[in-house]
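A short worksheet on the structure shown next.
The values are calculated or read from the model by the stated rules, or taken from the named source; none is laboratory data. Source: prediction; values computed, not measured. In this analysis, Cβ positions are derived from the backbone assuming ideal geometry, glycine residues included, and neighbour counts consider all displayed protein chains. Ligands, DNA and RNA are excluded from the accessible area calculation, which covers all protein heavy atoms including side chains. Shrake-Rupley method; radii C 1.70, N 1.55, O 1.52, S 1.80 Å.
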Amino acid sequence: MTWETLTLDVDADGVALLTLNRPEALNAFNIQMSFDLLDFWTKRATEDDIRAVVVTGAGRGFCAGMDLTREGNVFGLDESVSDVTPEALAAHLDEEPYDTGVRDVGGKISMAVHALPKPVIAAINGPAVGIGATMTLPMDLRLASTNARIGFVFGRLGIVPEATSSYFLPRIVGIQQALEWVYSADIFTAEQALAGRLIRSVHDPEELVPTALELARSFVVGRSAVAIGLARQMLWRNTESPLQAHLADSIAMWHTSVGDGKDGVAAFLEKRAPHFTTKPSELPRIYPS
């Protein structure tokens with residue numbers, strides 16, 4: 001499986017390194033990259049040989065935002081659609097012209113990342129602006145190079161934050177910090193992102209990707225793929241009420257206790273390494289359809 005704007009390497013532990021690969025344009029996001037990313041997150045990333053994903057950029061940049069050189073609507077939207085209302089979009093979400101002409105493709109990508117039952121880490125090696133910043137928000141952790149520069153610059157273009165960032169950003173940094181960054185539309189440093197709790201840690205450029213890969217590896221080696229996948233779903237989704245959390249916890253605990261949990265407990269008692277056999281594709285359903 002190959003893409004025009006991405007490269008992929010998967011190691012023996014199942015840790016995948018996904019690289020945005022338009023270095024001549026600081027990996028600016030274009031329509032082809034949107035197709036490639038959707039294909040990766042909805043197909044290749046779901047296969048069982050991949051246990052975790054680290055995302056970075058080729059060259060000096062992570063992703064310098066939307067490529068604004070496209071003719072016509074630079075975001076690829078259909079300006080001829082006449083009924084762009086919440087009711088129309090909800091009723092025809094997966095139908096044309098709404099699916100490709102109205103829906104935000106960044107949001108499609110974010111939802112695919114969010115749905116993936118595997119750890120996902122962003123290794124922000126350089127500029128991450130606009131969609132380059134918002135695409136990292138549904139990822140579990142963000143590590144940054146000292147060269148990183150991040151900005152939610154939509155206000156400078158007269159548009160709004162996209163890629164479901166209005167959901168993720170306040171949950172990561174709090175509403176006050178989220179609003180300040182969106183209102184100001186400024187570009188800030190890795191150290192400022194760390195102070196605002198957007199990123200986990202700041203690293204020298206040569207240490208960034210190796211650190212992210214090792215962190216991802218520590219999440220999956222010797223760990224149950226099903227337990228990890230369920231935990232990711234639960235921590236993101238069990239925010240509506242304690243009852244919702246209790247119901248999901250109960251179902252997930254039952255399934256894991258009769259699956260990898262059996263050998264996990266036995267290994268603990270026998271003072272040996274566990275032998276987990278479940279696959280990411282075997283996650284039970286713990287939420288209503």
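Data for the structure
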read-out: Scan of segment 127-163 for residues that are at pLDDT below 95, open to solvent by 20 Å² or more (accessible area, probe 1.4 Å) and either closer than 27 Å to residue 237 by Cα or touching a Leu at 6+ places or on another chain (Cβ under 8 Å) (or both), ordered by number; value: 160, 161, 162
read-out: Test: residue 274 is closer than 22 Å to residue 117 by Cα, open to solvent by 30 Å² or more (accessible area, probe 1.4 Å) and free of Cβ contacts under 8 Å to residues at least 60 places away in the same chain; value: yes
read-out: Residues of segment 52-94 classified as within 21 Å of the chain's Cα centre (by Cα) and without any contact (Cβ under 8 Å) to a residue 40 or more places away in the chain, total; value: 1
read-out: Test: residue in segment 274-285 that is closer than 22 Å to residue 50 by Cβ, at pLDDT 90 or above and among the hydrophobic types (A, V, I, L, M, F, W, C); value: yes
read-out: Tally, over segment 234-273, of residues that are modelled with pLDDT of 80 or more, within 25 Å of residue 111 (Cβ to Cβ) and not in a helix (DSSP H, G or I); value: 0
read-out: Number of the condition not met by residue 4 [criteria: (1) within 17 Å of residue 105 (Cβ to Cβ); (2) modelled with pLDDT of 95 or more; (3) assigned to a helix (DSSP H, G or I)]; value: (3)
read-out: When residues of segment 25-84 are limited to those that are of a type in the set (Val, Ile, Thr), open to solvent by 60 Å² or more (accessible area, probe 1.4 Å) and modelled with pLDDT under 95, the one farthest from residue 1 (Cα to Cα); value: 84
read-out: Residue in segment 241-250 that is under 26 Å from the mean Cα position of the chain (by Cα), farther than 23 Å from residue 15 by Cβ and polar (S, T, N, Q) present; value: yes
read-out: Neighbours by Cβ (under 6 Å, 6+ apart or cross-chain): first from segment 109-126, open to solvent by 10 Å² or more (accessible area, probe 1.4 Å); second part of a loop (DSSP other than H, G, I, E, B); value: 114/138; 117/283; 119/140; 125/62
read-out: Wholly within segment 91-189, strands (runs of 3 or more DSSP E) carrying at least 3 residues that are under 19 Å from residue 34 (Cα atoms); value: 120-124, 127-129
read-out: Residues within segment 12-24 that are out of contact with any Leu (no Cβ under 8 Å at 6 or more places or on another chain) and either open to solvent by 30 Å² or more (accessible area, probe 1.4 Å) or assigned to a strand (DSSP E or B) (or both), tallied; value: 5
